[in-house]
Amino acid sequence: MDKSLDRRKFLKLSAAGAAGSILAGSGTLHASPSPLTKTTASNGIIHRTLGRTGMKVPVVNLGVMRVDNPRIVTMALDGGMTFLDTAHGYQNGRNEEMLGELLKDRPRDSFYLATKVSARGADMSTEEFISTFEISLERLKLDYVDILYLHGPSSREAVLQEEHLGALIKLREQGRTRFIGVTTHSNEPEVIRAAVESGEYDVVCPAYNFNMGNLPDLKDAIAEAAGAGLGVIVMKTMAGAYWDRERQDPINTRAALKWALQNENIHTSIPGVTAFHELEDNFEVMKDISMTPGEIGDLRLDRADTGMYCLGCEKCTAQCPQKMPVPDIMRSYMYAYGYRDLSLARATMDTLGLNGPACESCNSCAVKCTQGFDVAGKIRDIDRIRQVPSEFIS
Ligand code: SF4
Ligand code: SF4
């Protein structure tokens, strides 16, 4: 085990698990803004302070995940965004390489940058985690990043997994990342509370949007994190961008982003963009998050179903005898049909370690999705993408 870690602390954390987190259910923290949240305006841009990191950032920044035109990043930075979000795995590393080329001539104190190393594969050792991150640093042509995330765990155990958390702490001690965080697409309240419980994570980055089914609990968990001094950055604010697979019924993404930012325990957001007009929309929200009655109506808050958006509630995973990673596959489906990003959909499927055609051995599906999704049908549909050679998917 890494010397920098106190094993007794991990054991203590593990023992506390059955009783819930130290803050869960305390009833003392609600969704009112943390006193640590400071909202200010400068040059007309609304800024909030990212918890104890002290980083003062615009409320809207750039998720670089799907950007393949570097001029979008340039426009974002020139327009007042200061925080760029990427990951080791985005675009098979090309995303970080693009940023490295673009940022090498910019003063290091003119931007903040976060990257992520995937938690997939609990067997990844501390050394492997660190060497994966070192590749990211080389691609980025940076000596350090501002935030390094553990990417995508969905349980308390995974957040506190000592090899991964140990690697993060070691890299923070070495100054190769200033702060450490955790991102999550599913089971968000548990993941956020585990990050608080650890006493180590500085930032949490959950999915958060108007369409989620666990909002009361998620808002409470976010309030607990902000109250404990963690920075809170949200993603997936656009809830899939379309209500329907055929993309005939778009979600009002500007309204969706504003809706997320009404919660002052959220310090900033990282919506992904692929086009200049989307970035221009986000510039406007960065300066004005007030919602019109029309925008509120567009979100159809009384609608019973969530369109294409999988809640990541994981109610389905235990039902499947093949233990299919259904929420991840549903996310891939949303990337393909909502975002029209086949490359991202394929990359997501490729990380899941599926052998052979998915669901092939089932005559009928045992999974009952809380949203009424035809899970088997969607899986078979999106699974076809694994048969397409990568070079045909741009
Ligand atoms: S058809 Fe349903 S039960 Fe069978 S493997 Fe697929 S998701 Fe699981
Ligand atoms: S597929 Fe349905 S049950 Fe499974 S995580 Fe998504 S919303 Fe929940």
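The values are calculated or read from the model by the stated rules, or taken from the named source; none is laboratory data. Keep in mind that this is a model prediction, so the values were computed, not measured. Glycine gets a Cβ as well: all are built from the backbone with ideal geometry, and neighbour counts include every protein chain shown.
Observations on the model:
- Restricted to helices (runs of 4 or more DSSP H) entirely inside the stretch 151-205, those with at least 1 residues that are charged (D, E, K, R) and surrounded by fewer than 22 Cβ atoms within 10 Å (Cβ to Cβ) are 156-160, 162-173.
Here's the yes/no breakdown for (1) in contact with a Ser or Thr (Cβ under 8 Å, 6 or more places away or on another chain); (2) polar (S, T, N, Q):
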site	(1), (2)
N211	yes, yes
L215	no, no
A221	no, no
A225	no, no
M235	yes, no
G240	no, no
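- Verdict on M330 being touching a residue at least 40 places away in the same chain (Cβ under 8 Å), within 29 Å of T274 (Cα to Cα) and away from ligand 1 (no atom under 16 Å from the Cβ): no
- Restricting attention to the stretch 363-380 and to residues that are within 18 Å of Y242 (Cα to Cα) and modelled with pLDDT of 90 or more, the residue that is nearest to ligand 2 (Cβ to nearest atom) turns out to be F373.
- Total residues in the stretch 296-327 satisfying the condition of being among the aliphatic types (A, V, I, L, M), away from ligand 1 (no atom under 16 Å from the Cβ) and without any contact (Cβ under 8 Å) to a residue 60 or more places away in the chain: the figure is 2.
- Residue that is nearest to ligand 2 (Cβ to nearest atom), among those in the stretch 321-362 that are at positive phi and loosely packed, with under 15 Cβ neighbours inside 10 Å: K323
- Inside the stretch 363-394, residues that are surrounded by 16 or more Cβ atoms within 10 Å (Cβ to Cβ) and of a type in the set (V, I, T) make up a count of 5.
- Verdict on C316 being buried (at least 19 other Cβ atoms within 10 Å of the Cβ) and out of contact with any strand residue (DSSP E or B) (no Cβ under 9 Å at 6 or more places or on another chain): yes
- Residue match in the stretch 360-372 (condition: among the basic types (K, R) and in contact with a Pro (Cβ under 9 Å, 6 or more places away or on another chain)): no
- Among residues of the stretch 87-111 being part of a helix (DSSP H, G or I), crowded, with 17+ Cβ neighbours inside 10 Å and at pLDDT below 95, the one that is farthest from the chain's Cα centre (by Cα) is Q91.
- Residues satisfying the stated conditions in the stretch 282-294, i.e. out of contact with any Leu (no Cβ under 8 Å at 6 or more places or on another chain) and assigned to a helix (DSSP H, G or I): F283, E284, M286, K287, P293, G294
- Hey, A114 modelled with pLDDT under 95 and within 21 Å of G152 (Cα to Cα) or not: no
- Among the residues of the stretch 242-259, those identified as surrounded by 16 or more Cβ atoms within 10 Å (Cβ to Cβ) and either in a loop (DSSP other than H, G, I, E, B) or touching a Pro at 6+ places or on another chain (Cβ under 7 Å) (or both) are Y242, W243, R245, I251, N252, L257.
- Considering residues of the stretch 381-394 that are among the polar types (S, T, N, Q) and closer than 26 Å to H151 by Cβ only, the residue nearest to ligand 2 (Cβ to nearest atom): S390
- Boolean, E264 is among the acidic types (D, E) and either in a helix (DSSP H, G or I) or over 23 Å from D85 (Cα atoms) (or both): no
- Flag: T115 matches the condition of being assigned to a strand (DSSP E or B) and without any contact (Cβ under 8 Å) to a residue 40 or more places away in the chain.
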